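Shown next, in structure tokens, is the structure this report addresses.
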Amino acid sequence: METKKQRVFSGIRPTGGLHIGNYLGSIKQWVDLQDQSNDCVFAVVDYHALTTHQENLGKNSINLAKWVIASGVDPQKSPIILQSQISEHTELAWIFTCLEPLGELYRMTQFKEKKTGIKEGAVKTGLLAYPLLMAADILLYQTEIVPVGEDQKQHIELARNIAQKFNRKFGKVFTEPKVRLSEAPKVMSLKNPKKKMSKTDTNGIALLDSAEQIKAKIMLAVTDSAPGNEMSQGIKNLFALIKIFAPELLANFEKEYENKTIKYIDLKTELTLAIGKHLQPIQAKYSQISAGEILNVFRASREKILPLAQKTLSEVKKAIGIL
Ligand code: TRP
């Protein structure tokens, strides 16, 4: 069966300290999509990070790109761009701010979440306009598929809607993008498995963690005293991780759980080993990549992809009468 190459675009915010939840939810999906030979463009979206993280931005951008490459994205095949280096993103975003009503932005769940706790007048404009910059990222490259996690679905729908409205009003310029939800299960906090594993979670497994650190964190993961009628959140989370990192052991542990003969210490030991084994080569590669190499990747990626961004933006301008 022949499958057509699809244009894929996705971005991650360089906010520092990646953990396995970010890796599984985004980067690993990118590698898979690249390996299914799509036309991928991946972005370190520093202007998105700027809405909330103004410290160490440059260093975080470089380190994030290192992780992306160390995990298997090949910048020769899939450009890895630094968003701020392609000014077409912000230019197109400005055009969208002039076309989109505020109401569309106020209803975004992410905006509602991110502004909680901030005094009304103090919420940054960028936080509200965020989805328009994201729409620009996607639409500039005539993207067909956007791999993201569930929390970003609404933003992709907005981007699609912006493309449809623009095409109807000004003539067809944009491809209408579709979301591709990450297949990876949400990795929950080991300490509080009702919450997502996050950067502020001291027990989150960082991509940089040593074997000892991984062990200490997994050993502290909450379980329950014994298998009950319904699997506890903590055990569900550990099983989800086993399924990803040591799928060959899953059936056996499930059987043991059912028979109530499982020893959680064995589950944790195997998981510790499997995560360590998975991360080790990625960490080794990460430590070999220099900042200079990343700057070169950003430069070469920009060069490769800039003509497409310029073409789209000039069609947009032409359609709306910007000379
Ligand atoms: N908003 C996304 C996030 O927080 C990151 C992002 C920015 C993105 N631009 C994008 C994702 C374009 C996909 C496509 O995860």
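Within this structure, Phe111 passes the test of being assigned by TED's automatic domain parsing to the domain that holds Arg13, aromatic (Phe, Trp, Tyr) and either farther than 23 Å from Ile156 by Cβ or within 22 Å of the chain's Cα centre (by Cα) (or both).
Note on the range 140-189: residues that are polar (S, T, N, Q), within 15 Å of the ligand (Cβ to nearest atom) and under 30 Å from Ser232 (Cβ atoms) total 2.
Would you check which residues across the range 62-92 are farther than 30 Å from Ile275 by Cα and open to solvent by 10 Å² or more (accessible area, probe 1.4 Å) and list them?
Within the range 62-92, Ser84, Gln85, Ser87, Glu88, Thr90, Glu91 meet the criteria.
A count restricted to the range 156-170 and to residues that are under 11 Å from Pro131 (Cα atoms) and without any contact (Cβ under 8 Å) to a residue 40 or more places away in the chain stands at 3. When the range 1-45 is filtered for residues that are in a loop (DSSP other than H, G, I, E, B) and within 13 Å of Leu64 (Cβ to Cβ), the ones remaining, listed by number, are Arg13, Pro14, Thr15, Gly16, Gly17, Leu18, Val45.
Within the range 118-144, residues that are on the phi > 0 side of the Ramachandran plot and in contact (Cβ under 8 Å) with a residue 60 or more places away in the chain reach partners that are open to solvent by less than 10 Å² (accessible area, probe 1.4 Å) and more than 10 Å from the ligand (Cβ to nearest atom) with beta carbons closer than 8 Å, at six or more positions or on different chains, in the pairs Gln142/Phe174; Gln142/Thr312. Regarding Val222, is this residue modelled with pLDDT of 95 or more and either open to solvent by 70 Å² or more (accessible area, probe 1.4 Å) or among the β-branched types (Val, Ile, Thr) (or both)? No: the conditions fail for Val222.
The values are calculated or read from the model by the stated rules, or taken from the named source; none is laboratory data. The structure displayed is predicted, hence computed values, not measured ones. All Cβ positions, glycine included, derive from the backbone under ideal geometry; neighbour counts span all protein chains shown. Ligands, DNA and RNA are stripped out before the accessible areas are found, and what is left, the full protein with its side chains, is counted by its heavy atoms. Shrake-Rupley method; radii C 1.70, N 1.55, O 1.52, S 1.80 Å.
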